[in-house]
Amino acid sequence: MGLVNVRIIAQQYSSNMARKLMFGSRYFGKGSPDGGPGDEEVEHADSLSIILAYVYAFCITDYFPWLRWITDLDGHEKIIRKAILTARKYQDHIIDERFQQWKDGVKTKQDDLLDVFINLKNPLNIYEIKSQILDLIVATFDNVSNNIEWAMAEMINEPKILYKAIHELDKVVGKERLVQESDLQNLNYIKACVKEAFRLHPVAPFNLPHVTTADSNVAGYFIPKGSHVIVSRLGLGRNHMVWDDALTFNPKRHMNNDKEVVLTDNNLHTFLFSTGRRGCPGMLLGSTITTMLLARLVQGFTWELPSNEQHVDLKENLHDLAKARPLSVIAKPRLALHLYNTS
Ligand code: HEM
């Protein structure tokens, strides 16, 4: 292996996972001849990125909805509609075909989430299922890939941290087999690295906007019914009053003797999955797939910077909190070659 763009592999991993969960297959088509994603999967993942970028974007018509009748003022609607159509071009016909298979009795066994949706006791109609599936695929996409890119960038910059993570994997899993889901409960340092990357590098500066349905008092502040409430993720995760040396990547701060490290934080010291009734329903799945990817990358490869770079540049984008330049590093296998053959 050579120079690897960690952003691309992490994004493809998240969307492969989502497609496999929903439709029982990583790829829409055959993938590329080298076993990676094909053009369809790349276009699908790109459309998910665009949808997410505009979900978080400031849009004037969210605040002055009557302006929507005049025109798509900031042009967001046109862009997001196009991205949704692109994602749906690949997804919706699978849903139509599967619906028909169940109707015709060709399919009788539930193999993936799409089958589960079709067979709910209180059934959803096909339009609702299409929307739910798009929602879940989008929800699985960005948090995982953004987290892994930042975790790897921070760890490569701090060889002691990377070494500690490798040491944990070698101790818990060894080098004779790949790390499995059942190992994750014992990989506290790896989980602490994931949690620390979520604390320091959330996927967006603010939470998705919520609107209060009743007058409320929070921490002494009166919030009238109908207010838009937007929580600052950075205000929590990088808060100097809560975290010592808040801007330093230090996974050790999440280790608590022999107690298992969990990513959830209902006290909202970090925003991570949020909390309460509108908190993330995919917490367990999100924790598992994120931790699994970091564990596999650290266990499976040695990671080095290209010879012309002294350290990873940790600059953020100006418009969101993604890494300004995608992380490109040299990966070399560190396990026996037969372990990489997953076909
Ligand atoms: C590590 C990965 C993930 C993180 C950090 C994460 C985080 C979040 C956050 C912060 C919210 C917003 C909560 C709020 O507005 O208060 C959310 C909402 C949501 N997440 Fe996740 N999520 C992850 C993975 C997933 C996965 C894998 C799924 C499902 C397959 C999922 C499904 C959802 C859904 C459906 C919502 C909307 C809930 C609602 O508005 O009622 N998430 N997530």
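Structural remarks
- For residue 63: the one exception among (1) free of Cβ contacts under 8 Å to residues at least 12 places away in the same chain; (2) surrounded by fewer than 15 Cβ atoms within 10 Å (Cβ to Cβ): (1)
- Filtered residues of the range 125-159 (kept if assigned to a helix (DSSP H, G or I), away from the ligand (no atom under 16 Å from the Cβ) and closer than 22 Å to residue 263 by Cα): 153, 154, 155, 156
- Any chance residue 275 is free of Cβ contacts under 8 Å to residues at least 40 places away in the same chain and out of contact with any helix residue (DSSP H, G or I) (no Cβ under 8 Å at 6 or more places or on another chain): yes
- Residue in the range 169-183 that is touching a His at 6+ places or on another chain (Cβ under 7 Å), outside any helix (DSSP H, G or I) and surrounded by fewer than 20 Cβ atoms within 10 Å (Cβ to Cβ) present: no
- Some residue of the range 263-277 being surrounded by fewer than 16 Cβ atoms within 10 Å (Cβ to Cβ), closer than 22 Å to residue 329 by Cα and more than 11 Å from the ligand (Cβ to nearest atom): no
- Sole residue being within 19 Å of the chain's Cα centre (by Cα), surrounded by 17 or more Cβ atoms within 10 Å (Cβ to Cβ), under 23 Å from residue 210 (Cβ atoms) and not basic (Lys, Arg), chosen from 52, 21: 52
- Pairs linking a residue in the range 185-213 that is without any contact (Cβ under 8 Å) to a residue 40 or more places away in the chain to a residue that is assigned to a helix (DSSP H, G or I), with Cβ atoms under 8 Å and 6 or more positions apart or on different chains, are 186/172.
- For residue 205, the criteria (1) touching a helix residue (DSSP H, G or I) at 6+ places or on another chain (Cβ under 6 Å); (2) over 24 Å from residue 230 (Cβ atoms) hold in every case but one, which is (2).
- Extreme residue, modelled with the lowest pLDDT, among residues of the range 278-303 that are within 7 Å of the ligand (Cβ to nearest atom) and more than 19 Å from residue 180 (Cα to Cα): 278
The values are calculated or read from the model by the stated rules, or taken from the named source; none is laboratory data. The structure presented is a predicted model; accordingly, all values stated were derived computationally and were not measured. Every residue, glycine as well, gets a Cβ built from its backbone with ideal geometry; the counts of neighbours run over all protein chains shown.
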